[in-house]
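Here's the structure we're looking at; comments come further down.
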Amino acid sequence: MPELCRFYGIVIVLRYREHPPPHFHAKYQEHEATVDMQNLRVTEGYLPNRAQTLVLEWASQHREELLEAWNTARSGQSPSKIAPLE
């Protein structure tokens, strides 16, 4: 489960051995949500509003890198880290 990024107490990880479509998991405190990389929607779980807004903003800025990380991880290689939200 590679960690792609950390910012403002939020941790972004890939569980690439899971089902398509490409997605990532965002963890904040005791909360966790699954975010579809293609349409940037929370498909499972829950994040507080502020954390969810930050995660979706970050994901929109790094959508291409996220998809590349997914494909890299699915091919058995370690994906590169992605810059945090500033």
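Scanning for something modelled with pLDDT under 95 and of a type in the set (Asp, Glu), does the stretch 14-21 turn up at least one residue?
The answer is yes; a qualifying residue exists.
Residue check: is residue 46 of a type in the set (Phe, Trp, Tyr) and farther than 18 Å from residue 1 by Cβ?
Yes, satisfied.
Mind listing whichever residues of the stretch 1-17 are within 14 Å of residue 66 (Cα to Cα) and aromatic (Phe, Trp, Tyr)?
Residue satisfying the conditions is 16 alone.
Got at least one residue in the stretch 24-31 being open to solvent by 80 Å² or more (accessible area, probe 1.4 Å) and either in contact with a strand residue (DSSP E or B) (Cβ under 8 Å, 6 or more places away or on another chain) or on the phi < 0 side of the Ramachandran plot (or both)?
Checking the stretch 24-31: at least one residue is open to solvent by 80 Å² or more (accessible area, probe 1.4 Å) and either in contact with a strand residue (DSSP E or B) (Cβ under 8 Å, 6 or more places away or on another chain) or on the phi < 0 side of the Ramachandran plot (or both).
Would you say residue 34 is assigned to a helix (DSSP H, G or I) and of a type in the set (S, T, N, Q)?
No, not satisfied.
Determine whether residue 81 is of a type in the set (Lys, Arg), loosely packed, with under 15 Cβ neighbours inside 10 Å and under 12 Å from the mean Cα position of the chain (by Cα).
Yes: the conditions hold for residue 81.
Any idea which of 53, 43, 72 is part of a strand (DSSP E or B) and without any contact (Cβ under 8 Å) to a residue 60 or more places away in the chain?
Being part of a strand (DSSP E or B) and without any contact (Cβ under 8 Å) to a residue 60 or more places away in the chain holds for just one of 53, 43, 72, which is 43.
For residue 42, only one of the following conditions fails: (1) buried (at least 19 other Cβ atoms within 10 Å of the Cβ); (2) under 12 Å from the mean Cα position of the chain (by Cα); (3) over 14 Å from residue 85 (Cα atoms). What is its number?
That leaves (1) as the condition not met.
For every residue, the table says whether it meets (1) in contact with a helix residue (DSSP H, G or I) (Cβ under 9 Å, 6 or more places away or on another chain); (2) open to solvent by 50 Å² or more (accessible area, probe 1.4 Å).
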| site | (1), (2) |
| --- | --- |
| 33 | yes, no |
| 38 | yes, yes |
| 55 | no, no |
| 77 | no, yes |
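Checking residue 17 against (1) over 12 Å from the mean Cα position of the chain (by Cα); (2) touching a residue at least 24 places away in the same chain (Cβ under 8 Å); (3) open to solvent by 50 Å² or more (accessible area, probe 1.4 Å), which single condition isn't satisfied?
(2)
The values are calculated or read from the model by the stated rules, or taken from the named source; none is laboratory data. These numbers were taken from a predicted model, which means no experiment stands behind them. Don't worry about glycine lacking a Cβ; one is built from the backbone with ideal geometry, like all the others, and counts go over all protein chains shown. The accessibility values were calculated without ligands, DNA or RNA, using every heavy atom of the protein model including side chains. Shrake-Rupley method; radii C 1.70, N 1.55, O 1.52, S 1.80 Å.
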